[in-house]
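We did not get these values from a lab; they are worked out from the coordinates using the rules stated. The shown structure was predicted, so the numbers you read here are calculated from the model rather than taken from an experiment. Note that we place each Cβ from the backbone using ideal geometry, even for glycine, and neighbour counts take in every protein chain shown.
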Amino acid sequence: MKLFKIYKTVIAGIIFFLTYTSDLNGQPVPGQDENIPFLVTFGKNGSTEWGDDDFSQTFFIAVPPDFKDKFYIRVFDPDTGGDLDELKGVWNTRMLYSVYGGKGVDPEKNPESRGIQPTGGYKNGTLLASKIFGNDPQYDNKYYTFGPFIVTQGDLNEKWNKYMFKIICDGISGDDGNLYRYFISRDPDKNIPIEGANAFTYEYTFRMWNDINSVSHIYPYIDTGIVYVQQSNFDWDDDGEILVVSRVRRGQTVPVSGQNNWATSKIEIQPGEVGSSLDFQFHKKQDFLIRNNNVVISLENQRGDNLKFFAAPIGGVPVYEAKPAARKLPPKK
Ligand SMILES: [Ca+2]
Ligand SMILES: [Ca+2]
Ligand SMILES: [Ca+2]
């Protein structure tokens, strides 16, 4: 009887752990499965040769309506200076972070905000919080916390039944590179995930690890009606291969960009990929290390709409399922 109770406790613990860790996936941005060390945004006087095409990055945050507590958006290393960031000349770069809620934020109703250029109505919505960071040692290698926010300050998307928020990082001056991360948290001082929340972007600008053995991933979601996608990658520096993997695709290479240029190509979507995520894998060159590689990627469907990259892949990380091989006949006796 006592043993049975211990088993029950252990099983409850395992279930709690699985639930907790799967929730955790969506809260760090970049997400746990993406294996991306940092987001990157340069000051607007930067050179695109350093790997940021437009000096702005937008992330949307989706929070379930039944989450009644306060929540926070925490920014790790929000300043531009110190060991983590990318110096050009002297530190003279300022970043503006802006958090929006209210009508105009839901990207399904505001096509300009799901564009890949920071133009038009990309900032539509109600400004809830903002702050400018320069070379601020007090925030170097530390978190700054925006909030508290409550879910009803967001913009309801009925299709997903989530309230939408967005955070934009704009490089408003200077030429240095800002490396940073987000965490969507229930706590202002700690990273505590919110069950059922997620984050996504339409154009991802990120840093690769300085490790030839590491593989980074992003996970675009293939919605109903998508027949093909056009991928665009920028400033990949001829660093190894970009592979597309899905439940039914073993690993297809796509054309890759060099220094300060774009590579685009079309990828036909297979029926078995609809309603799941693709896995874009970024494999580094094996011959020698390409250091501090920043890269930009976006995808659009056949109608010209940009696809979402979710921090926690919808439907989980897709795993290629090989078709069962023809069964061998039993050996003759
Ligand atoms: Ca500088
Ligand atoms: Ca930084
Ligand atoms: Ca690059």
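Using the per-residue mean of other Cβ atoms lying within 10 Å as a proxy for protection, in what order, highest first, do the peptides 80-89, 268-277 fall?
The densest-packed peptide leads the list: 80-89, 268-277.
Going by how many other Cβ atoms sit within 10 Å of their own, how do Val227, Val254 line up, fewest first?
Fewest to most other Cβ atoms nearby, the residues stand as Val227, Val254.
When the Karplus curve 6.51 cos²θ - 1.76 cosθ + 1.60 is applied with θ = phi - 60°, which whole-Hz ³J(HN,Hα) does each residue of region 238-251 get, with x for Gly and Pro?
Coupling constants for region 238-251: 6, 8, x, 10, 10, 10, 10, 10, 8, 4, 10, 10, 6, x Hz.
Quick check on the exposure proxy: order Thr253, Thr145 from fewest to most C-beta atoms within 10 angstrom.
Fewest to most other Cβ atoms nearby, the residues stand as Thr253, Thr145.
Report the Stokes-Einstein translational diffusion coefficient (µm² s⁻¹, integer) for the chain, Rh taken as the Kirkwood radius over Cα pairs, at 20 °C with viscosity 1.002 mPa s.
Calculated translational D: 102 µm²/s.
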